[in-house]
Amino acid sequence: MKIGVFGGTFDPVHQGHLTAVEEVRAALALDQIIFVPAGQPWLKASRDIAPAEHRLAMVKLAIGANRHFTLSDVEITRQGPSYSIDTLEELQGQHGRHAALFLLLGAELLEELHMWHEPARLFDLATVVAISRPGFELCGLGDLAAIRPDASERIVRLAVTPVGISSTQVRDRLSRGESIRYLVPEAVEEYIYERGLYGVGRPAARDVHG
Ligand code: ATP
Ligand code: MG
């Protein structure tokens with residue numbers, strides 16, 4: 001069983017997340033991808049994050065009927081900061097020792113990986129996969145050598161179809177009253193308007209479904 005572990009703030013989840021990991025799943029023949037919304041993102045503490053229940057609900061809606069995608073609340077229910085190393089250990093425990101874990105990271109995270117908690121051990125617990133992302137260098141070495149000498153060569157680098165969407169862009173567009181149609185799955189868009197997330201109401205011109 002090959003399991004991709006895809007962590008993130010998912011504030012909100014968008015099409016860039018979905019298209020990227022679907023390509024990774026196919027390329028690496030992963031059986032399952034577990035989306036793991038972060039509880040208390042310790043590197044993003046400066047910004048207000050939407051409540052975990054909403055971020056979880058939006059990922060659930062985004063996954064929809066895709067049986068290869070699942071959702072885990074391990075980082076939401078855990079107290080204190082969310083460390084990927086703890087998440088990998090917990091998921092390994094849940095899925096048994098025959099599960100091979102793949103830690104999926106967008107390319108921009110390679111630059112900060114050396115600042116993560118126990119970064120060297122991530123390589124013992126999982127195959128680290130770096131996913132291309134527009135505007136970020138996939139092959140840049142950064143401070144990877146500071147983690148462990150073989151870190152860079154052990155990382156699996158995968159170029160996926162470039163989709164330049166970010167959650168920041170989605171939030172910014174909402175704050176300006178601009179459309180986010182097709183940037184996020186329709187059900188996620190509806191959820192955002194229904195719950196009034198990101199301080200917005202539904203744009204006047206937006207069609208109501210149903
Ligand atoms: P924010 O702008 O709030 O940081 P984000 O779009 O970067 O949001 P995150 O929840 O921070 O989304 O990212 C979760 C994971 O998805 C990270 O590994 C990130 O690199 C990856 N990712 C996000 N957007 C893309 C994209 N458009 N293409 C490829 N990978 C992406
Ligand atoms: Mg991000």
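Give segment 112-130 a look and list any residue that's closer than 20 Å to P81 by Cα and outside any loop (DSSP other than H, G, I, E, B), or say none.
L113, H114, M115, P119, A120, R121, L122, L125
One residue is enough: does segment 105-128 have a residue meeting the conditions of a type in the set (V, I, T) and either in contact with a Ser or Thr (Cβ under 9 Å, 6 or more places away or on another chain) or within 16 Å of ligand 2 (Cβ to nearest atom) (or both)?
So far as segment 105-128 goes, no, none of its residues is of a type in the set (V, I, T) and either in contact with a Ser or Thr (Cβ under 9 Å, 6 or more places away or on another chain) or within 16 Å of ligand 2 (Cβ to nearest atom) (or both).
Does A145 satisfy the condition of being farther than 20 Å from Q92 by Cα, of a type outside the set (V, I, T) and more than 9 Å from ligand 1 (Cβ to nearest atom)?
Against the criterion (farther than 20 Å from Q92 by Cα, of a type outside the set (V, I, T) and more than 9 Å from ligand 1 (Cβ to nearest atom)), A145 qualifies.
Working carefully through the options L158, L144, L110, find the one that is in contact with a Leu (Cβ under 9 Å, 6 or more places away or on another chain), surrounded by 15 or more Cβ atoms within 10 Å (Cβ to Cβ) and modelled with pLDDT of 95 or more.
Matching residue, one of L158, L144, L110: L158.
Here are the criteria: (1) within 16 Å of ligand 2 (Cβ to nearest atom); (2) surrounded by 15 or more Cβ atoms within 10 Å (Cβ to Cβ); (3) of a type in the set (G, A, S); (4) free of Cβ contacts under 8 Å to residues at least 40 places away in the same chain. Tell me which single one G135 does not satisfy.
(2)
Give the number of residues within segment 63-104 that are at pLDDT 95 or above, within 16 Å of ligand 2 (Cβ to nearest atom) and among the small types (G, A, S).
Matching residues across segment 63-104 total 1.
Taking A20, is it at pLDDT below 95, within 9 Å of ligand 1 (Cβ to nearest atom) and either farther than 20 Å from R97 by Cα or polar (S, T, N, Q) (or both)?
Details: at pLDDT below 95: no; within 9 Å of ligand 1 (Cβ to nearest atom): yes; either farther than 20 Å from R97 by Cα or polar (S, T, N, Q) (or both): yes.
Spelling it out, it is not the case that A20 is at pLDDT below 95, within 9 Å of ligand 1 (Cβ to nearest atom) and either farther than 20 Å from R97 by Cα or polar (S, T, N, Q) (or both).
State all residues of segment 79-106 that are out of contact with any Pro (no Cβ under 8 Å at 6 or more places or on another chain), within 18 Å of T9 (Cβ to Cβ), crowded, with 16+ Cβ neighbours inside 10 Å and not aliphatic (A, V, I, L, M); if no residue qualifies, say none.
Y83, S84, D86, T87, G106
Can you say whether A130 is within 15 Å of ligand 1 (Cβ to nearest atom), surrounded by fewer than 16 Cβ atoms within 10 Å (Cβ to Cβ) and at pLDDT 95 or above, as far as the supplied structure shows?
no
Among the residues in segment 151-158, are any away from ligand 2 (no atom under 16 Å from the Cβ) and under 14 Å from the mean Cα position of the chain (by Cα)?
Within segment 151-158, the subset away from ligand 2 (no atom under 16 Å from the Cβ) is 151-158.
Those left that are additionally under 14 Å from the mean Cα position of the chain (by Cα): none.
No.
Taking only pairs six or more apart or across chains, which ones have beta-carbon atoms under 6 Å, a first residue in segment 142-159 that is free of Cβ contacts under 8 Å to residues at least 60 places away in the same chain, and a second residue that is part of a loop (DSSP other than H, G, I, E, B)?
If the second residue must be part of a loop (DSSP other than H, G, I, E, B), the pairs left are S152/L141; R157/L138; A159/S132.
Picking from R154, R176, R171, which residue would you name as being more than 18 Å from E22 (Cβ to Cβ), within 9 Å of ligand 1 (Cβ to nearest atom) and of a type in the set (K, R)?
Matching residue, one of R154, R176, R171: R171.
The values are calculated or read from the model by the stated rules, or taken from the named source; none is laboratory data. From a predicted model like this one, the values you see are computed outputs, not experimental measurements. Virtual Cβ from ideal backbone geometry, glycine too; neighbours counted across all protein chains shown.
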